[in-house]
1. Could you state the angle between the C-alpha long axis of helix 3-13 and the longest principal axis of the C-alpha atoms of the chain, as a value from 0 to 90 degrees rounded to the nearest 10?
2. To the nearest 10 degrees, how steeply does helix 87-97 sit against the main Cα axis of the chain, on a 0 to 90 scale?
3. What is the chain's relative contact order, in percent, from Cα pairs under 8 angstrom and six or more apart in sequence?
4. For the chain, what is the calculated [θ] at 222 nm in deg cm²/dmol (nearest 500), taking -39500 (n - 2.57) for each run of four or more DSSP H residues and dividing by its residue count?
5. What does the highest-first list of 265-275, 28-38 look like by mean Cβ count within 10 Å?
6. Given 20 Å bins starting at zero, what is the percent of C-alpha pairs of the chain in each, up to the one with the largest pair distance?
7. Taking Cα centroids, how far is region 65-126 from region 169-216 in Å?
8. If a/c stays under 1.5 just call it rounded; otherwise compare a/b with b/c (prolate if a/b is bigger, oblate if not). Do that for region 175-220, with a ≥ b ≥ c from the square roots of the Cα gyration tensor eigenvalues.
C-alpha cells in the first residue's frame, strides 16, 4: 500500500478535528463488477480530506455487492435495505446514517475518482451560498461526458424532438449542455446528472430529504431545483475529475420508459396543465419519430402517454 493510501485510511478513521468532514454515499444494486474499482479510487481521490466516512447502501443486490464492500480495506459502513428501495430512498438512508455536520458526496458505483478529486469540491462548499458542487466527468476513452443540463422546458423538449438530442445540444437549445466551452471553467449551472454530487452540510439541513416518489430518474432534477429555490448555487468545478466507466445509467426499454415517464411527472409538478400538455406532446413526438430505431423509443413513447401508470408499473415490477 502506498504512503498516500495509508494516510487516506488513517484520515478516514480519525475524528473530524480539522474542518468539515465528508460522508461518501454509494448506492449499489448488483454493482459487483464496478464497485471494487470505485472503492480503490477513493483512497487517492480523498487525498487531503480530513475526517471522511464511507457509506454503501445496498438495494438488495444478488451478486455479492454488499459483501465486496464489507471486505474492502476502507471498511465502509454497509447498510442492507433488504429491498430495492430506489435510488432516492437509498440516498436518504445513507444521509440519515451520516454525521449531520458532514457534506454529502453522492457517487454512482461505476465511477472512478482521479487523485485529489474531492478536495476542490470541499473548497467550494465552504461558501455559504454554494449548495451543490459537481465535477467534470470523463468517459473511458478520455472524452468529456456532458453531464450539465438545462432545466426541462417546452423549448428543450421540442428542440430535442425535432432536431435530435445531439444537434439540439450543440445549438444550445436542448436539455443536455454539449458545447465544449461550458466545460472549460468553473461556472454556476441549473443542474447536473446525479453520478457525482457534493451537497453541502448547510444545504442538506435546509432542503431535507430527496423525493422518494421518483424511485429512479429525475430525483436529481427535483433535488437540485429545490437547492436553487432555497437560495443556494449549483456550481460546476472542472478541477475535480471523475471517470464514468459505463458512460451513464443502465439501458434498455424498461429503464428508458421510466426515465421518460419521470421527465413528464417532474415537469407536471411545476407547470400548469396546458404547458405540461405541450411538453408531453413534444416528448411523444420525438420518440414516435424515432420508434423505428428500436424497442426503447417505442417503450418511451408509450410511457409518455401514461407516465404515472408506467412509473408505478416499473416500481411494482422491482418488488415482484
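Quick note: the coordinates plus some simple rules give every number you see, no bench work behind them. Predicted, not measured: the structure shown is a model, and the values here were computed from it. Positions of Cβ are backbone-derived with ideal geometry, glycine not excepted, and every protein chain shown enters the neighbour counts.
1. 80
2. It is inclined by approximately 30 degrees.
3. 18
4. Details: 13 runs with 140 residues, N = 320.
Taken over the chain, the calculation gives -13000 deg cm²/dmol.
5. Going from most to least packed, we get 28-38, 265-275.
6. Per 20 Å bin, starting at zero, the Cα-Cα P(r) for the chain comes out as 32, 59, 9, 0 percent.
7. Between the Cα centre of region 65-126 and that of region 169-216, the gap is 18 Å.
8. oblate
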